[in-house]
2 protein chains.
Amino acid sequence: MSRNPAGPEIERLIQLLAKLPGLGPRSARRAALHLLTRKDRLLEPLSEAMRIACERVAECSVCGNVDTQDPCAVCRDPRRDPSLIVVVEDVSDLWALERAGAIAARYHVLGGTLSALDGRGPEDLNLATLADRARDPEVKEVILAVNATVEGQTTAHYVTDLLADCDVKVTRLAHGVPVGGELDYLDDGTLAAAIRSRTTF
Amino acid sequence: MSRNPAGPEIERLIQLLAKLPGLGPRSARRAALHLLTRKDRLLEPLSEAMRIACERVAECSVCGNVDTQDPCAVCRDPRRDPSLIVVVEDVSDLWALERAGAIAARYHVLGGTLSALDGRGPEDLNLATLADRARDPEVKEVILAVNATVEGQTTAHYVTDLLADCDVKVTRLAHGVPVGGELDYLDDGTLAAAIRSRTTF
């Protein structure tokens, strides 16, 4: 008995949807069906939006963000402080900082971290232009907003060395208790860091 | 400060992805980013698969399934028992029965249920051709595989009346304990139905 009530084109759509984060094989099937039964309202607009994204979206040659223009909207925004560059691992980190409205700076997306285990060296990251950008006399501070993981910290040390001969201050994100977090659920390292970096009340 | 690090084309892609079942605004953003940073491997193939689906996928004129051919693969499959028609509410129910390999029959997709509350009457369902299909002398049995909800049961009664003058047996799915289910977690209605329909061991 056929266990495949749909043609190969639909199966391929399901397989590709299943590669999206947050969708597994089962939910991809449901998503495909949702699309196919709402052709005019959803499948066609989404197909068109993807086609446009395919054509127009590219990596920003300055910072590594993805956008439909090069330089990207963030790099072209005149309201941002030109003396600050925030170094992030991935575009998702850039978007997270923007969502939080954390800082009105420009960014530099590394595109990953150094990792001896995974064989990723400095040449695999978007590091070539970072020192040049930091040498711009307008730039005063480079903020390392990398993840607080072993790879993130290794990368932060490498970037600090790389920028040693540039006339910029290199800073990193504060460690501490997450806002809304409960002490009882935090790991020892975070608690120790929060105590070390305590501030006057 | 701009809270939108990407252009309107990307925002539109995120908004459309958020309409898929299983994806909310946050996971749609992650999915969009996943697509945009994997342009060759994922965004382009998925865009192409959607374009093909847009062009080729249509409702089967016989049963209401979605497929790239009309009649659909299920209706054209010669290995299926031509004496059985399984009536389902939605294409997802058809796919679920096919996934389970539950029966080698043909289907009839109603496209919803009767609902006085939501103002859905018989004219909103794919009922026009069902009686004609049931009058085919080859067809011996119509199985009502509708949901065990109030709307589903109302619809089942309506379909039964509709088929009253056709020479077919009208059956419905058995009620009972789900395979792998525990009695303690079942509702009273299911338990009562399982007792009523008990079989010899």
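Before moving on, here are some points about what is shown:
- When each of B:Leu127, B:Leu35, A:Leu162 is scored by the number of other beta-carbon atoms lying within 10 Å, the sequence from fewest to most is A:Leu162, B:Leu127, B:Leu35.
- DSSP loop GluC sites (Glu not before Pro) with at most 12 other Cβ within 10 Å: longest gap in chain B: B:1-137
- Cut-off 14 Å, label 7 Å out along Cα→Cβ of A:Asn126, residues of the stretch A:32-70 by amide N: A:57-70
- Overall, the stretch A:66-172 carries a charge dipole of about 380 debye about its Cα centre when +1 sits on the Cβ of Lys and Arg and -1 on the Cβ of Asp and Glu, all other atoms neutral.
- Distances in nm from B:Asp184 to the matching label points in the other copies, shortest first (labels 7 Å along Cα to Cβ): 2.7
- Extent along the principal axes, Cα only, for chain A: 68, 45, 37 Å, with the longest axis given first.
- Put a plus charge on the Cβ of each Lys and Arg, a minus charge on the Cβ of each Asp and Glu, and nothing anywhere else: the dipole of chain B about its Cα centre is then about 880 debye.
- For the stretch A:51-146, the Kirkwood estimate of hydrodynamic radius, built from reciprocal distances between every pair of different alpha carbons, is 14.0 Å.
- Beta bridges by DSSP in the protein assembly as shown, antiparallel share as percent, to the nearest 5: 20 percent
- Farthest toward the positive end of the dipole of chain B, out of B:Ala104, B:Met50, B:Ala192, is the Cα of B:Met50, where the dipole comes from beta carbon charges about the Cα centre.
- Cα long-axis angle, helix A:25-36 against chain A (0 to 90 degrees, to the nearest 10): 60 degrees
- Placing unit charges on the Cβ atoms only, positive for Lys and Arg and negative for Asp and Glu, gives the protein assembly as shown a dipole magnitude near 40 debye about its Cα centre.
- Average projected area [Cα convex hull, the stretch A:97-148], square nanometres: 4.6 nm²
- Highest-fluctuation residue, B:Leu183, B:Leu117, B:Leu130 considered, GNM on chain B with Cα pairs under 10 Å: B:Leu183
- Cα-based helix-to-principal-axis angle, A:8-17 vs chain A, degrees rounded to 10: 20 degrees
- With the alpha-carbon atoms of the protein assembly as shown aligned to their principal axes, the span from lowest to highest coordinate is 90, 49, 42 Å, starting with the largest.
- Evaluated over the stretch A:86-191, the Cα radius of gyration and Dmax, each in Å: 14.7, 46
- With both residues required to sit in the stretch B:66-172, DSSP beta bridges show an antiparallel share near 10%.
- Extended-chain gain in nm, criterion 0.36 nm per residue less alpha-carbon gap, B:Lys169 and B:Asp188: 3.9 nm
- Between helix B:150-162 and chain B: long-axis angle, C-alpha atoms, 0 to 90°, nearest 10: 50 degrees
- For chain A, the longest site-free run once trypsin sites (Lys or Arg not before Pro) in DSSP loop states with at most 15 other Cβ atoms within 10 Å are removed: A:80-139
- Distribution of pairwise C-alpha distances over the stretch B:8-56, 5 Å bins, in %: 5, 22, 24, 28, 18, 3, 0
- Label 7 Å beyond Cα on the Cβ vector: A:Glu138 copy-to-copy distances, nm: 7.5
- Nm distances between copies for A:Leu162, ranked from closest, using label points 7 Å along Cα→Cβ: 6.6
Just so you know, all these numbers are worked out from the coordinates, no wet-lab data involved. The model shown is predicted, which means the values in this text are computed figures rather than measured ones. Reconstructed Cβ throughout: ideal geometry from the backbone, glycine too, with neighbour counts over all protein chains shown.
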